[in-house]
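Working notes, beginning with the structure itself.
The values are calculated or read from the model by the stated rules, or taken from the named source; none is laboratory data. Note that this is a predicted model, so its numbers are computed, not measured. A quick note on method: Cβ atoms are made from the backbone with ideal geometry, for glycine too, and the neighbour counts reach across all protein chains shown. These accessible areas exclude ligands, DNA and RNA; they are computed on the full protein's heavy atoms, side chains included. Shrake-Rupley method; radii C 1.70, N 1.55, O 1.52, S 1.80 Å.
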Amino acid sequence: MSGTYLGMPSFPKAAKDAVHNVTLRANLRHATHTIRDKRAKAVAELEDWALLREAGKQIKDHTLRHLDRYLEQLESAVTAAGGTVHWAADAEEANRIVADLVKATGESEVVKVKSMATQEIGLNEALKAEGISAYETDLAELIVQLGDDRPSHILVPAIHRNRAEIRDIFERKMGSWGRPAPDGLSDSPAELAEAARLHLREKFLRAKVGISGANFMVAETGTLVVFESEGNGRMCLTLPETLISVVGIEKVVPGWRDLEVFLQTLPRSSTAERMNPYTSMWTGTADADGPRTFHLVLLDNGRTGTLADEVGRQALRCIRCSACLNVCPVYERAGGHAYGSVYPGPIGAILSPQLRGIQSEIDVSLPYASSLCGACYEVCPVAIDIPEVLLHLREKVVDQGGKGHRLEKTAIKAAGWILDHPAALAAVEKTASGTRGLHPGRPPGAGAWTADRELPELPAQSFRDWWKKNRT
């Protein structure tokens, strides 16, 4: 996985500043509560939601078990339809492939559909290093790009910004990226959307190369599918002469009947809509319409390694609906930036460490960025048991060692021995009660537990002694 977000501190350190940001917490609370309330109503309209959820889970599990076969079928279908398939083992290879394809057209600008895969590999930065400007066209992604910011939500990347902040970004930055914001721009949603529309229209009309991801790829026909709500994706997918799609290998589904399930579950779980406003599908190229050249870059970047983990592989079922973020009490308070990844929230806490490996400070801490309340599992439309995977990854973190975990193992081993020997336990209890006046409220070495709490005061008499005096 790309190192774009690596080098960040551990989740507790990154989240510490976020939870004290009053504006950020207000923005997050308002947005997540609004989205999840609407989603709950949309889901409640379907009496067979539980069956659709189970169907989505089984389709994904079946596909992952036979991923090699379906990817080969997809490659054959895309090639037969006039497209070209490229295989990228990691972020570096994917970025090199895309940069070479763009340079081969002679162009120095590209327009982009919102794509988490391209953010994952740091494509914009890689293209910039090659002298190619990549323009985000999704409204929220545009806000993030103009603000020299990072996305903080899967569905709403600029969820941490309010309308006044967005207006200020447009007024300060739009002119340096293209058409400036209109004079006297207010913070009303209609005026902000119109400013973005005017700014982007010029880019759509002159762009010769478009870059996208895909929500799904249909193996039997080689069809790619993009769900979006604004229409910018449709512009990027149809107007340019060359289209390059970078897609994770786990996004494939066997056939059209399988896609039908996700056409029902994804819109309701993500935007709380019965049907997506814009669902774009394309198969290869056609002489009469759309791009004349189509390239599909199939991205591994840690996915094959994740697939080998029988417990952790369920994270690859994810259809990027973001429902888990909107119900998570940790995400609501910490925000997306604290996760140090393009994939924030509960799904990011299990996906990022698997794609990148559990080595960096941030990835070691992500499996612990959860209260294990289980709300994420309850809303997941493909039934990913995120708490189960979190515990599984915590075991891996402990197994690989580290100072804190070695001390913890030693303490647990000592406690186990004491509990197995009643005489030793009685001596410890008596000593602890007799010296209770000397115990500090925040003992050294326990800062992770005592930063926001004090240890409870020990009673003057142990339960064992009380029992001997009152129940003999």
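For residue 347, the accessible surface of its heavy atoms amounts to roughly 10 Å² (probe 1.4 Å, protein chains only, rounded to the nearest 10). What you get for the chain, charging only the Cβ of Lys and Arg (+1) and of Asp and Glu (-1), is a dipole of about 1660 debye around the Cα centre. Angle of helix 422-434 to the longest C-alpha principal axis of the chain, folded into 0 to 90 degrees and rounded to 10: 90°. Descending by average beta-carbon neighbour count within 10 Å, the peptides 241-254, 42-55 line up as 241-254, 42-55, the highest first. Counting only protein heavy atoms and a probe of 1.4 Å, the accessible surface of the chain is 53% carbon and sulfur.
Each Lys and Arg contributes +1 and each Asp and Glu -1, all at the Cβ; summed about the Cα centre of segment 208-335, the dipole is approximately 220 debye. Residues whose amide H falls under 5 Å from that of residue 84, counting only those 5 or more places apart or on a different chain, are 294, 295, 296, with hydrogens built in the peptide plane. When all alpha-carbon pairs of segment 211-270 are counted, what percent fall beyond 19 Å? So the portion of pairs separated by more than 19 Å is 34 percent. Legend note: in the chain, cysteines whose Cβ sits 4.7 Å or more from every other cysteine Cβ are 236, 318, 321, 328, 373, 380. Within the shell defined by Cβ-Cβ distances under 15 Å, the residues around residue 205 carry a net charge of +3, with Lys and Arg each +1 and Asp and Glu each -1.
Per-residue surface analysis assigns residue 385 an accessible area of about 50 Å², computed on protein heavy atoms at 1.4 Å probe radius. Taking amide H as placed 1.01 Å from N in the peptide plane, the amide H of residue 133 sits under 5 Å from that of 109, 110, each at least 5 places away or on another chain. With the convex hull drawn over the C-alpha atoms of the chain, the volume per residue is 181 Å³.
Residue 204 contributes an accessible area of around 20 Å² to the protein surface, as traced by a 1.4 Å probe with all chains present.
Taking the C-alpha atoms only, the angle from helix 67-80 to the longest principal axis of the chain is near 10 degrees. I'd like to know which of 88, 205, 369 lies farthest towards the positive end of the charge dipole of the chain, counting +1 on Cβ of Lys and Arg and -1 on Cβ of Asp and Glu. Highest projection toward the positive end goes to 369.
Annotation: amide H-H contacts under 5 Å for residue 211 (H modelled 1.01 Å from N, sequence separation of 5 or more, or interchain): 111, 112, 113, 244. Averaged per residue, the chain has 48 square angstrom of accessible surface, using a 1.4 angstrom probe with ligands and nucleic acids left out. Counting only DSSP H runs of at least 4 residues, each contributing -39500 (n - 2.57), and dividing by the residue count of the chain, the helix-based mean residue ellipticity at 222 nm comes to -15500 deg cm²/dmol. Think of the chain as a dipole: +1 on every Lys or Arg Cβ, -1 on every Asp or Glu Cβ, centred on the Cα centre; then among 131, 221, 415, 415 lies furthest on the positive end.
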